[in-house]
Amino acid sequence: METHISNQNKNIGTLIHASTFSKYFFPFGNFIFPLVFWLSNKNKAFIDAHGKQCLNFQISVTLYAVILATLGFFGTIFSLLSSNSENIRQSFDPLNFQYLSEVMPFFIFLGIMATLFIALFIFEIICVLQASVRASEGKAYNYPICIHFIQQNSSKNEWPTTLKTETL
């Protein structure tokens, strides 16, 4: 059974998701602004569901970024310790290719880590935009690869029965 969702609730749901972009202007804005919008209207099922989804995704993405940064840090330290620092300095000499093969794994590792960070960044933007559009349409949205730290009210971690869930 689907109930009518007011335009105001749709707008607040959209604002919850879109406000995560505030992190590019304010530290922790991706948590603070959605949390404020969600908590001020969480008595409405539509807003409550979107607020929980949004915050769960932001916590998940932050956790994934911390894991990537930790792997990158320790991988870089390991790479630097396992190669001679003199070889790294000499590898930047455009006329000396002798040491390039010794430091190539380090540069490959840095390229992989940069690619993973960029992929996570693009993935987050796409998912937030999709969630914002679905909220503006009055539809449910489940973020992919999202860890549910804040559980939905139902025991099966589903959307409230008053919302129409759309399969992606």
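Yes or no: Ile16 open to solvent by less than 50 Å² (accessible area, probe 1.4 Å), modelled with pLDDT of 95 or more, within 17 Å of Ala131 (Cα to Cα) and among the β-branched types (Val, Ile, Thr)? Working first, answer last.
On the way: open to solvent by less than 50 Å² (accessible area, probe 1.4 Å): yes; modelled with pLDDT of 95 or more: yes; within 17 Å of Ala131 (Cα to Cα): yes; among the β-branched types (Val, Ile, Thr): yes.
Yes, satisfied.
Of the numbered conditions (1) modelled with pLDDT of 90 or more; (2) of a type outside the set (D, E, K, R); (3) touching a Phe, Trp or Tyr at 6+ places or on another chain (Cβ under 8 Å), Ile88 fails exactly one; give the number of that condition.
(1)
Of all residues in region 118-155, count the ones that are outside any loop (DSSP other than H, G, I, E, B) and either within 30 Å of Ala49 (Cβ to Cβ) or among the polar types (S, T, N, Q) (or both). Step through it out loud before you land on a result.
Keep residues of region 118-155 that are outside any loop (DSSP other than H, G, I, E, B), which gives 118-136.
Checking the rest, the ones that are also either within 30 Å of Ala49 (Cβ to Cβ) or among the polar types (S, T, N, Q) (or both) come to 119-136.
Looking only at that region, the number is 18.
Looking at region 120-146, I want the residues that are modelled with pLDDT of 95 or more and have a partner that is open to solvent by 20 Å² or more (accessible area, probe 1.4 Å) and among the small types (Gly, Ala, Ser) with Cβ atoms under 6 Å, at least 6 apart or on another chain. Which pairs are those?
Ser132/Ala18
Output the residue which, of all residues in region 123-140 that are touching a Ser or Thr at 6+ places or on another chain (Cβ under 6 Å) and among the aliphatic types (A, V, I, L, M), is surrounded by the most Cβ atoms within 10 Å (Cβ to Cβ).
Ala135
Look through Ile5, Ile47, Ile67 and report the one residue that is at pLDDT 95 or above and either open to solvent by 70 Å² or more (accessible area, probe 1.4 Å) or more than 28 Å from Leu110 (Cα to Cα) (or both).
Working: Ile5 fails: at pLDDT 95 or above; Ile47 fails: at pLDDT 95 or above.
Going through Ile5, Ile47, Ile67 in turn, just one is at pLDDT 95 or above and either open to solvent by 70 Å² or more (accessible area, probe 1.4 Å) or more than 28 Å from Leu110 (Cα to Cα) (or both): Ile67.
The values are calculated or read from the model by the stated rules, or taken from the named source; none is laboratory data. Note that the structure is a prediction, hence the values are computed from the model and not measured. Cβ coordinates were reconstructed from backbone atoms using ideal geometry, including for glycine residues, and neighbour counts include every protein chain displayed. What goes into the accessible areas is simple: the full protein's heavy atoms, side chains included, and nothing from ligands, DNA or RNA. Shrake-Rupley method; radii C 1.70, N 1.55, O 1.52, S 1.80 Å.
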